[in-house]
Amino acid sequence: MKRNSRAFLACAYWAFVVYLFVPLMLMVMMGFKDSKFIGFPIRSWTLEWYLGVFRDTEVLSVFGYSLLIAILSTVLSLAIGTWIAAFLNSYRTFPGRMLVFGLTLLPAVVPGIISAISLRIYARVLGIEPGLWAIVWSHAVHNVPFVVLVVIARLSTLPPSQTEAARDLGADPLIAFIRVTVPYLRPALIGAGIFCLLLSFDDFVRSFFLGGYDPTLPVLIFTRLHSGMSPEINAIATVALVLTAIVGIWAERSMRRMRKEQNA
Amino acid sequence: MMGDAAVSRGDRVPFWGRTVSLPFYKGLVTFLFGSPRRQFWLLASFSIIWVLFAHLGPILQMLHVSFLDGYPPTAGREPVMTLANYERFFSESIFILPFFRTLAFASLLTAATLVITYPVAYFLARHVRRQRQLALLLLLLIPFWVGEIVRTYAIMILLGNNGAVNLLLRWLGLVDRPIPFMYTGFSLSIGIIYLTALYMLLPLYSALEKLPASYSEAAADLGAGGWTRFRRITLPLTREGIASGCTLVFLISSGYYATPVLLGGPATTVFAETVARFFHVAGDEWPTGAAFSCLMLLTALAIAGAFNRLVSPRRVGAGG
């Protein structure tokens with residue numbers, strides 16, 4: 001009985017792995033097909049589509065644009081998120097704390113399309129033109145809750161005696177924060193930062209509604225899909241996939257290191 | 001700053017020492033951190049302003065615009081407050097239908113995701129040695145890092161008429177002509193479960209991992225069978241994880257826009273597509289779109305909150 005249920009559960013796990021990986025593998029494979037038409041079977045293979053990605057100046061500039069947006073919004077959300085986390089962590093008895101905490105997490109529970117639309121209306125009110133800064137702003141708003149959650153988890157394990165020791169040795173609060181708290185937060189900031197980079201780089205709905213004439217990478221893939229599937233799109237998507245997967249694995253490892261340090 | 005510190009290492013006074021002795025810096029620090037109350041306001045003011053202005057502001061502004069009769073404003077004409085945008089929703093079935101379709105769809109998909117991922121999470125938490133758990137979990141996280149559009153596209157290739165599934169079915173001799181999977185509720189479900197499964201899996205895994213195996217063993221000693229143990233011990237004690245997983249998946253899957261556009265068809269139009277049309281095709285109908293968005297946000301949060309209350313009574317609110 002017990003052995004049967006274990007076998008069943010193992011099958012469920014591996015079936016799930018197949019479900020997650022096979023579509024992506026097929027997509028990578030299709031980028032090697034020597035034909036304009038997407039579909040099986042693949043009779044002859046070519047590298048042409050992948051080489052084309054690196055020759056297509058539009059695609060390359062869109063890669064750069066998406067990367068720029070990801071970096072800017074990540075820096076912004078790390079700074080803002082750390083600030084809010086420091087506040088929520090230091091004043092645990094502040095009466096409005098739960099309200100501030102709830103509002104901090106709000107962007108994480110608003111469904112994507114509604115978040116994009118409300119930010120689009122708001123950008124109009126603030127006079128932010130659709131484009132680079134509108135996208136950066138919307139990504140920062142969306143990412144702040146995740147930064148706060150990660151940073152606060154790390155901050156709560158910092159013994160107060162450490163910053164107090166720095167203060168006793170003559171450091172003012174700012175120096176104590178920069179030289180004691182920030183180094184302690186480093187793994188959390190790296191982990192949250194990479195998470196933000198990925199969220200921003202992969203985001204479609206906010207970039208779509210707040211973007212100007214220049215598309216980000218997901219928006220470019222979306223618009224090209226409207227004129228039909230082609231192995232060229234597979235190659236672009238695969239390059240994006242490889243980039244994000246590498247960064248994601250790196251993030252996972254740095255988060256795990258942080259957890260290990262916390263347990264030690 | 002770190003770079004400067006490294007450069008100045010050769011000097012007599014280190015970088016931080018020089019910075020601290022600057023009169024401007026001294027003044028600034030005394031001004032900002034002079035008293036505990038000032039420290040509090042420094043941290044509190046920005047945090048509170050940011051969450052009110054950037055997190056709550058867009059939602060409130062959307063609510064405001066939803067009551068206006070015209071937006072963006074035209075020159076020389078003051079917008080008037082009206083309920084017409086909400087009335088419009090209740091008057092036409094092309095709006096009501098996608099609305100309820102989205103809610104029903106998101107609920108069904110949430111349930112399906114729960115059923116699919118629970119055995120996976122259970123296997124990881126209970127039947128795998130601790131060392132291997134992280135490796136097997138990491139394996140599942142890799143596809144999660146790939147974006148929404150790329151994964152949607154992967155599903156299109158899987159299910160197309162010339163896709164892998166149809167090829168396999170024809171090769172097995174089960175069908176003569178391809179089954180049109182694409183642009184149906186089926187392809188949309190496969191796609192959305194593909195995107196959201198990990199938001200369910202992670203809370204379930206962490207709930208199951210925290211649950212000591214001794215509880216089930218105690219029940220077994222008392223004579224409970226496998227199914228009873230699961231129903232009476234494991235399931236109730238992991239309901240926190242179930243609640244947060246379901247809340248997340250419900251809210252996320254009701255908010256997808258690109259995936260229904262790419263994988264769905266005319267019969268599966270979801271409310272996100274209805275709402276988006278007011279912003280892209282018909283540019284001057286923002287208030288109607290805002291009103292519809294408000295209705296959807298309110299309903300989605302209410303359902304998620306009620307579900308949370310029902311499943312884990314101790315927790316308050318819809319926070320996932």
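Brief remarks follow.
- Test result for B:L114, of a type outside the set (D, E, K, R) and touching a Cys at 6+ places or on another chain (Cβ under 7 Å): yes
A quick yes/no check of all residues on (1) without any contact (Cβ under 8 Å) to a residue 40 or more places away in the chain; (2) over 14 Å from the mean Cα position of the chain (by Cα); (3) outside any loop (DSSP other than H, G, I, E, B); (4) within 8 Å of chain B (Cβ to nearest Cβ):
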residue	(1), (2), (3), (4)
A:R167	yes, yes, yes, no
A:A171	yes, yes, no, no
A:I175	yes, yes, yes, yes
A:V180	yes, yes, yes, no
A:L185	no, yes, yes, no
A:L197	no, no, yes, no
A:G212	no, yes, no, no
A:R224	yes, yes, yes, no
A:E232	no, yes, yes, no
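- Residues being touching a residue at least 12 places away in the same chain (Cβ under 8 Å) and facing chain A (nearest Cβ under 7 Å) - total across the range B:164-187: 0
- If you filter the range B:30-76 down to residues that are of a type in the set (A, V, I, L, M), facing chain A (nearest Cβ under 10 Å) and surrounded by fewer than 16 Cβ atoms within 10 Å (Cβ to Cβ), you find that the one that is nearest to the chain's Cα centre (by Cα) is B:L56.
- Among the residues making up the range B:168-210, those that are part of a loop (DSSP other than H, G, I, E, B), in contact with a Gly (Cβ under 9 Å, 6 or more places away or on another chain) and of a type outside the set (V, I, T) are B:P178, B:F181, B:M182, B:Y183.
- Condition met for B:Y153 (out of contact with any His (no Cβ under 9 Å at 6 or more places or on another chain), closer than 30 Å to B:L211 by Cα and in the same structural domain as B:F181 (by TED's automatic domain parsing)): no
- Just so you know, in the range A:116-130 the residues that are more than 7 Å from every other protein chain (Cβ to nearest Cβ) and touching a residue at least 60 places away in the same chain (Cβ under 8 Å) include one that is nearest to B:I252 (Cα to Cα), and it is A:A116.
- Selection within the range B:58-88 - part of a helix (DSSP H, G or I), out of contact with any helix residue (DSSP H, G or I) (no Cβ under 6 Å at 6 or more places or on another chain) and among the hydrophobic types (A, V, I, L, M, F, W, C): B:L60, B:A84
- On inspection, A:W49 passes the criterion of being farther than 30 Å from B:A125 by Cβ, away from chain B (no Cβ under 13 Å) and in contact (Cβ under 8 Å) with a residue 40 or more places away in the chain.
- Positions within the range B:134-163 being among the polar types (S, T, N, Q), without any contact (Cβ under 8 Å) to a residue 40 or more places away in the chain and more than 7 Å from chain A (Cβ to nearest Cβ), in sequence order: B:N161
- Residue match in the range B:287-298 (condition: within 11 Å of another protein chain (Cβ to nearest Cβ), assigned to a helix (DSSP H, G or I), without any contact (Cβ under 8 Å) to a residue 12 or more places away in the chain and not β-branched (V, I, T)): yes
- Candidates in the range B:103-133 are the residues that are facing chain A (nearest Cβ under 7 Å) and over 13 Å from B:L198 (Cβ atoms); of these, the one that is modelled with the lowest pLDDT is B:H127.
- From the list A:S207, A:S115, the lone residue that is crowded, with 21+ Cβ neighbours inside 10 Å and either within 27 Å of A:E58 (Cα to Cα) or aromatic (F, W, Y) (or both) is A:S207.
- All of A:V141, A:V136, A:V100 fail the test of being at the interface with chain B (Cβ under 7 Å from one of its Cβ atoms) and either among the acidic types (D, E) or under 29 Å from B:F292 (Cβ atoms) (or both), apart from A:V141.
- Selection from the range A:1-20 of residues that are farther than 19 Å from B:Q133 by Cβ and modelled with pLDDT of 90 or more: A:V18, A:Y19
For every residue, the table says whether it meets (1) within 16 Å of the chain's Cα centre (by Cα); (2) closer than 29 Å to A:M27 by Cα; (3) among the hydroxyl-bearing types (S, T, Y); (4) crowded, with 19+ Cβ neighbours inside 10 Å.
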{"site": "A:D56", "(1), (2), (3), (4)": "no, yes, no, no"}
{"site": "A:F63", "(1), (2), (3), (4)": "yes, yes, no, yes"}
{"site": "A:S66", "(1), (2), (3), (4)": "yes, yes, yes, yes"}
{"site": "A:L78", "(1), (2), (3), (4)": "yes, no, no, yes"}
{"site": "A:F87", "(1), (2), (3), (4)": "no, no, no, yes"}
{"site": "A:G96", "(1), (2), (3), (4)": "no, no, no, no"}
{"site": "A:P107", "(1), (2), (3), (4)": "yes, no, no, yes"}
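The values are calculated or read from the model by the stated rules, or taken from the named source; none is laboratory data. Bear in mind that the values here come from a model prediction, so they are computed numbers and not experimental data. Cβ sites come from the backbone with ideal geometry, for glycine too, and all protein chains shown count toward neighbours.
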